[in-house]
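Presented below is the structure to which this report refers.
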Amino acid sequence: ALRQVNLKRLMALSGVANAGYLLVPLGISFKGYHTSNFSEFLFYLAVYMLMNIGAFAVITVVSKASGNDELNGFAGLYYRAPWTAAAMIVFVLSLAGLPVTGGFFGKLFILLGAAQSQAYWIVAVMVATSAISYYFYFGIVRQMFMRSATQDTEVPVPVTTGVVIWLSAVLTVALGIVPGPVLGWINEHFSVVNDLFTRIGS
């Protein structure tokens, strides 16, 4: 991923990393360390779906405008489509697991669950890989704000795609500000699954 310049391949590699994060609460439950990990799994799954759908919607729009899937297609996007670039920042921050996004709390809950289970080596791996991921995630931000646009034309965003992008962005931020109600809903409606995980862990 550090050497990848194709956006869709970069997001595919990001998906591999996020699949690893999603497996952490499941794995430590089956090892008998910690209970109620299914809530952490479902919360991060919901967040990942939102930020991934939004990011791929932006990539699709930009790829169509630039004629390729390369990273340099995002060059100068802030000046060509400022609102689309702003939404992409939300998705990048969430994928990187930074505050005020759902991705931050999603990773934080999984980290805390792993730490509570005393699976410190998993915590170390998650922290290290998250730190490394900042480099390629923020490569997108550099292109949008710090690179000259290869094309001066505006990036057209279809209405339906714009709705998907901004609905995903708003929900991603909402889950980063008030994650409690969603976690409460998950715990309430999936208590049977949580109990099953508890019994498996014990």
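The values are calculated or read from the model by the stated rules, or taken from the named source; none is laboratory data. Values in this document were obtained by computation on a predicted structure and should not be read as measured data. We place every Cβ from the backbone using ideal geometry, glycine too, and count neighbours over all the protein chains shown. Surface accessibility is based on the protein's heavy atoms, side chains included, excluding ligands, DNA and RNA. Shrake-Rupley method; radii C 1.70, N 1.55, O 1.52, S 1.80 Å.
Filter region 105-128 down to residues that are open to solvent by 60 Å² or more (accessible area, probe 1.4 Å) and touching a residue at least 24 places away in the same chain (Cβ under 8 Å) and give me whichever is farthest from residue 38 (Cα to Cα).
The residue in question is 118.
Considering 67, 32, 27, which residue is open to solvent by 30 Å² or more (accessible area, probe 1.4 Å), closer than 30 Å to residue 156 by Cβ, at pLDDT below 85 and not acidic (Asp, Glu)? Can you show your working first?
Details: 32 fails: closer than 30 Å to residue 156 by Cβ; 27 fails: closer than 30 Å to residue 156 by Cβ.
Selected residue: 67, the only one of 67, 32, 27 that is open to solvent by 30 Å² or more (accessible area, probe 1.4 Å), closer than 30 Å to residue 156 by Cβ, at pLDDT below 85 and not acidic (Asp, Glu).
Pick from 12, 17: which is in contact (Cβ under 8 Å) with a residue 40 or more places away in the chain, within 18 Å of residue 132 (Cα to Cα) and open to solvent by 40 Å² or more (accessible area, probe 1.4 Å)? If you could, list the steps in order and put the result at the bottom.
On the way: 12 fails: in contact (Cβ under 8 Å) with a residue 40 or more places away in the chain.
Only one candidate qualifies: 17.
Does at least one position in region 185-193 carry a residue that is over 16 Å from residue 29 (Cβ atoms), at pLDDT below 80 and either of a type outside the set (Asp, Glu) or crowded, with 17+ Cβ neighbours inside 10 Å (or both)? Working first, answer last.
Step one: filter region 185-193 for residues over 16 Å from residue 29 (Cβ atoms), giving 185, 188-189.
Filter once more, keeping what is at pLDDT below 80: 188-189.
Retained after the next criterion (residues that are either of a type outside the set (Asp, Glu) or crowded, with 17+ Cβ neighbours inside 10 Å (or both)): 189.
Yes; the residues of region 185-193 include at least one that is over 16 Å from residue 29 (Cβ atoms), at pLDDT below 80 and either of a type outside the set (Asp, Glu) or crowded, with 17+ Cβ neighbours inside 10 Å (or both).
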